[in-house]
Amino acid sequence: MQTHHSYWLAFKSVYTKDVTLAFRQRAEIVNPLLFFLIVITLFPLAIGPEPALLTRIAPGIIWVAALLSTMLGLDKLFRDDYNDGSLEQLIASPYPLSLSVLAKVAAHWTVSGLPMVLLAPLFALLMNLETQSLNATVLTLLIGTPLLSFIGAIGAGLTVALQKGGILMSLLVLPLYIPVLIFATSAIDTSSMSLAYGGQLAILGAMLAVAIVAAPIAISSALRVSVS
Amino acid sequence: MWKWLHPYAKAERAYQLCNTLLPYFAVIAVVGLLVGWVWGLAYAPADYQQKDSYRIIFIHVPSAIWSMGAYSSMAIAAIIALVWQIRNAELAVISIAPVGAAMTAIALITGAAWGKPMWGAWWVWDARLTSELILLFLYFGVLSLYHAFEDKKSGGRAACILAIVGVVNLPIIHFSVEWWNTLHQGSTITKFDTSAIDPSMLWPLLINIVAFAGVLGVVTLIRLKNEILRCEQHRPWVRELVNRG
């Protein structure tokens, strides 16, 4: 039998494996979303239900909730593969580890980031965001959540070998999320004033482009340290 | 460069280098601090507006400068450790990190103490303050990651990777925070022009900056010596050193 090495096939097989596994355990997809929803519900209860106030703080709340619920899924990103040894197989495979890592991050985004993007209009309604900010909310989440997955995966890779890596990972990753938070919320704020927010989106896009190139390298070297 | 650096990959040589460098840094630190503090705190003229309370500048500014200087040295050591697989550079990363965190904490605390009489608040969400706070978080991240590992060897390498990721992100964080600040509020007055500072205040400040570099060097070298010894405790040269007393 002729072995056919193809980067695309390798990417696809890791990606489909992770997505399939996630869909077999639906709680893994649903729970972060419920968490997202509950966090957003808490804010009006804590601060007060005045529509004007909610409109003012909505971008920040939606984004902070997005950061936190991304963190929930990240801990599992490499943990199962580390425990059952398939992470070592990925490292030993003839394909570059950064490629498999890219596929895993893409799968993580598909099951954690994408649903948030799809549900964003609902959250925008809950938080009394105007329709003009709706597009901005969806767009920033669309560009920003993959960025969160990439940066977070570096933390997940560094802490995968540790027993109680979860809290430590949030400590490592959350400071690195700050630029994403700033530009995303500022884009939504700008859009609510009916101004052009293309600049903020462009910066988010630039950060995403850098992350796609650089993060897999950092993640794979982190994984090599953790597995060795 | 490589030929010159190569011998220091050996722990014993690195330890000797620490011993050679230590007195110089110690002299810079002790003399610099004595001269700088006495000159700055006692002899430099009082500010026409802030009176004597401006004198905290002689601690605040040097520690703020070296909080960032320590992070960049840490990142350089981390790159050396990962690229050339030099264990001593990993130890250097671990040695610098707590010192840098302490510098950052000093800068934040003195800044708060200075801010209270000047701005009327211990803390304002100014761009520089926020960046400095995030820098402290990054230091904590490196430190706690290292200490979370049972195996200090992997811990050191993980800390190196995190330090490099942090240094790539640091300018992005800094500029985004500055940008966020100009967008949200622009009222605070932190901008002071160094060029506009009077020479009678500038000189003690410069001396203090050099002296703080000396302190950073001394503490780091002592910590590095300890780390090298702890890591090499089974080697004959360490035993000889201990037996010699």
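The values are calculated or read from the model by the stated rules, or taken from the named source; none is laboratory data. What you see is a predicted model, and the numbers here were worked out from it, not measured in a lab. Backbone-built Cβ (ideal geometry, glycine too); neighbour counts: all protein chains shown.
Structure data summary
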quantity: Output for segment A:217-228, where each listed residue is within 26 Å of residue B:135 (Cβ to Cβ), surrounded by 21 or more Cβ atoms within 10 Å (Cβ to Cβ) and either polar (S, T, N, Q) or more than 8 Å from every other protein chain (Cβ to nearest Cβ) (or both); calculated: A:219, A:221, A:226
quantity: Members of segment A:166-198 found to be more than 10 Å from every other protein chain (Cβ to nearest Cβ) and over 18 Å from the mean Cα position of the chain (by Cα), listed by number; calculated: A:187, A:188, A:191, A:192, A:193, A:194, A:195, A:196, A:197, A:198
quantity: From A:9, A:34, A:53, residue being in a helix (DSSP H, G or I) and closer than 28 Å to residue A:166 by Cβ; calculated: A:34
quantity: Test result for residue A:110, buried (at least 24 other Cβ atoms within 10 Å of the Cβ), not basic (Lys, Arg) and not in a loop (DSSP other than H, G, I, E, B); calculated: no
quantity: Members of segment B:2-22 found to be in a helix (DSSP H, G or I) and either of a type in the set (Lys, Arg) or modelled with pLDDT of 90 or more (or both), listed by number; calculated: B:3, B:13
quantity: Residue list for segment B:132-152, restricted to those being in contact (Cβ under 8 Å) with a residue 12 or more places away in the chain and surrounded by fewer than 24 Cβ atoms within 10 Å (Cβ to Cβ); calculated: B:132, B:133, B:134, B:136, B:140, B:143, B:146, B:152
quantity: Unmet criterion (only one of (1) among the hydrophobic types (A, V, I, L, M, F, W, C); (2) crowded, with 20+ Cβ neighbours inside 10 Å; (3) at pLDDT 90 or above) for residue A:206; calculated: (2)
quantity: Pairs, first modelled with pLDDT under 90 in segment B:90-114, second outside any helix (DSSP H, G or I), C-beta under 7 Å, six or more apart; calculated: B:112/B:122; B:112/B:123
quantity: Selection status of residue B:122, farther than 22 Å from residue A:181 by Cβ, modelled with pLDDT under 85 and aromatic (Phe, Trp, Tyr); calculated: yes
quantity: Unmet criterion (only one of (1) of a type outside the set (A, V, I, L, M, F, W, C); (2) surrounded by fewer than 24 Cβ atoms within 10 Å (Cβ to Cβ); (3) within 11 Å of chain B (Cβ to nearest Cβ); (4) under 15 Å from the mean Cα position of the chain (by Cα)) for residue A:163; calculated: (4)
